[in-house]
Structure formats: structure tokens, C-alpha cells
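Student: Sharing a structure below in C-alpha cells format, with a few things to ask.
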Amino acid sequence: MGLIHIPHPQISRRRFLQLSGISSMSLLFGGCGTPVFEDLVGAVSQPLNQKVEELIFKPQKLVPEFSLSEIQPEALIVNSFRYTPIIDLEKYRLIVDGEVNNPLNISMAEIKDLPLTSMIIRHVCVEGWAAIVQWGGIKLRDIIALAQPKSQVKYAYFKSADGYYESWDIASALHPQTLLAYEKNGAPLPVENGAPLRLASPIKLGYKQSKWVTQITLASSLSIFKGYWEDQGYEWFAGI
């Protein structure tokens, strides 16, 4: 992907951001829905944050996972954007479009025919809490590969059934631990946690991990509408 690798690999990405004082968490958000500072803080700091995080991010490096005994079943707090949508699974389709050679319109049955990946990771919310969760689903990169993205694609946009919207850099979307999950802790994903499909990944803060995903659009440019919370001042890259 042409990413520049920072020398001195003994300094971890997380530690570098801590030392630099420009990590996602250093912007001091008061909750998943309300930043403490004015939007100007995000507007001023975001370009520097994004540039540093993109330089340090390693697209194929795996994040250490946890054991079954470390799962925290009650720790995952439900934060909804507007409401919990009602989705008819028989009619549900995942749309993958944009700058692709093979647009997709696939059912949950077809999605579940793809290889299942399970991982136990820590979900980190910007308000300061975290939960160790086992997610099961398909690798997002497998769905993207089926759509045959064009070479110029740099971003993935996500639309949700409740009107929420997000965008990711394509390198993060293709990370081997970025899933479209339909299981939680070995059971079917509850509706309040994003069923039938939600994003789950150990490399992004919680507000990037859209629930009730209905459409993925691949693009070569970043829209002025980057994400619901980002458009109100939150950092866009939001890596951890």
C-alpha cells in the first residue's frame, strides 16, 4: 500500500502516540456521544493525528487476542445512534458498490457460506470503557475481494439501517482482523449489538465499528461526510 515504516520498531504504535501526546484518546472525550472540547479541537488536531497514525499503522500486523476465560460477557455497553432498527432477515441484502468491477447484492445465507473467522479482542469505546468480546463472522477483506475493487480505491464507506454512516481507510478495512460479525461470544449476534452484520476490529475505536451494516461503498476519494461523529469533531482515523 506504499506505507512508510517508522524506524526503531521497539517503540510500539500505542506507546509512540502516548509519548507524542496526540493519540485518539488524548482529545479527552466525555462520552461516546459528546466530546468535551469544541469541534475546533478536532478540526485542528485531526490532520496531524491522521498523518502520524497512518504512518505508524501496519496493515498486516496482528493484534494479540485473548483467551475464552478472559471474555467479559456483561462489559459491552449498548450505545445506539438513534434507535434499534427492525430488519427482515429474509429480505436483508448487503450491498457492495462504488469503484468495483463486480458489485454485490448478497443475502445473509450467502454471507454465512463464506469462511467463518472467530477472534477474541478488546472493544474500546472513546468514553473510556472497554470489553473483551468474542466476535465471529467473515473477514471484510474477503467481501471486498469478491467485489473486485479497482486499483485506485483508498476508502470504504459504511451505511447502516439506522442512518449511521462511517468511512475507513482501505488498509484498515483489509486488515486480517477486521470482520463483518454475525456472532457474539459464540452465539448469534443480538439485534442491539448490530445484527445481522456489524463491524468488529481491534484496530479502531468503537464509534468506527458500525452496527446494522447494509451497504459498503468503495471509493478513491474521501467525502466531506466522513462519519456521523467525525462530522461533529471526532478524529477520523481513530486507530488504537
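The values are calculated or read from the model by the stated rules, or taken from the named source; none is laboratory data. A quick note: this is a predicted structure, and the numbers were derived from the prediction, not measured. Backbone-built Cβ (ideal geometry, glycine too); neighbour counts: all protein chains shown. SASA here: full protein model, heavy atoms, side chains in, ligands and nucleic acids out. Shrake-Rupley method; radii C 1.70, N 1.55, O 1.52, S 1.80 Å.
Student: So, for the stretch 106-159, what is the accessible surface per residue at a probe of 1.4 Å, expressed in square angstrom?
Tutor: Per-residue accessible area for the stretch 106-159 comes out at 43 Å².
Student: Rounded to the nearest 0.05, what FRET efficiency do Q60 and I86 give with R0 = 41 Å and r taken as the Cβ-Cβ distance? Could you check? Numbers along the way, then the final one.
Tutor: Numbers: r = 38 Å, r/R0 = 0.93.
The computed FRET efficiency comes out at 0.60.
Student: Mind pulling the per residue volume of the convex hull built on the Cα atoms of the stretch 61-180? Å³ is fine.
Tutor: Convex hull volume per residue, Cα atoms: 137 Å³.
Student: Roughly how many percent of the accessible protein surface of the stretch 93-213 is carbon and sulfur, given a 1.4 Å probe and a whole-percent answer?
Tutor: Working: 2000 of 4020 Å².
About 50 percent, which is the carbon plus sulfur part of the accessible surface.
Student: Further, regarding this structure: For the ranges 203-210, 223-230, what's the packing order if you count other beta-carbon atoms within 10 Å of each residue, average per peptide, and put the highest first?
Tutor: 203-210, 223-230
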